[in-house]
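Asker: Take a look at this one; I'll ask things after.
The values are calculated or read from the model by the stated rules, or taken from the named source; none is laboratory data. Fair warning: this is a prediction, and the values are worked out from it, not measured in the lab. Cβ placement follows ideal geometry from the backbone for every residue including glycine, while neighbour counts extend to all protein chains displayed. Ligands, DNA and RNA are excluded from the accessible area calculation, which covers all protein heavy atoms including side chains. Shrake-Rupley method; radii C 1.70, N 1.55, O 1.52, S 1.80 Å.
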Amino acid sequence: MASTSTKSTAAQTNMSLTPVLTLEGHEEHVQSISYFPDGKRMVSGSMDKTARRWDLQEGKETEEVRDVCERGVMYAVVVSKDGRWVVAAGGDFNIRKYVLS
């Protein structure tokens with residue numbers, strides 16, 4: 001049996017989104033983000049051809065990698081399940097794997 005509702009989930013729960021943290025540093029649009037398994041860190045990829053690692057508890061950038069894509073922009077970044085590496089893909093038709101130290 002299936003059912004439908006005309007009310008949105010947000011309306012039913014009175015949910016509101018309030019920012020608790022803003023991370024600044026990219027110079028162009030952020031295209032992709034991925035969380036580390038511990039939930040305390042995140043990596044982002046931007047049209048500015050950079051990937052950045054963030055400490056979410058401190059609210060600051062901990063690492064920046066420039067020119068991740070030789071041409072074009074970065075479209076995606078993903079953290080591995082074990083948090084040991086990051087994969088980045090961009091408009092230069094390449095996928096790159098970075099081992100984290």
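Asker: For the range 27-78, what does the relative contact order come out to in percent, with C-alpha contacts under 8 Å and a separation of six or more?
Answerer: Here the relative contact order equals 36 percent.
Asker: While we're here: If you average the alpha carbon positions of the range 78-93 and of the range 18-62, how far apart do those two centres end up, in angstrom?
Answerer: If you average the Cα positions of each part, the centres end up 14 Å apart.
Asker: For the range 8-67, which whole-number percentage of the solvent-accessible area (1.4 Å probe, protein heavy atoms only) is attributable to carbon and sulfur atoms?
Answerer: On the range 8-67, the fraction of accessible area on carbon and sulfur atoms equals 46 percent.
Asker: Can I ask one more? Rolling a 1.4 angstrom probe over the protein chains, ignoring ligands and nucleic acids, what is the accessible area of Leu21 in square angstrom, nearest 10?
Answerer: Answer for Leu21: close to 80 Å² accessible.
Asker: Compute the accessible area per residue over the chain, keeping the other protein chains in place, probe 1.4 Å, unit Å².
Answerer: Per residue, the chain has an accessible area of 73 Å².
Asker: Evaluate E = 1/(1 + (r/R0)^6) for Tyr98 and Ser16, where r is the Cβ-Cβ distance and R0 equals 35 Å; express this FRET efficiency to the nearest 0.05.
Answerer: E(calc), rounded to 0.05, equals 0.40.
Asker: I would also like to ask the following. I'm spelling it out carefully: the read-out is Cα Rg over 2.2 N^0.38 Å, the candidates are [x] 1.19; [y] 1.23; [z] 1.34, and one was derived from this structure. Which label?
Answerer: After the calculation, the listed value that fits is [z].
Asker: Cβ neighbours within 10 Å, averaged per peptide: list 46-54, 65-73 in order, most packed at the top.
Answerer: Peptide ranking by packing, descending: 46-54, 65-73.
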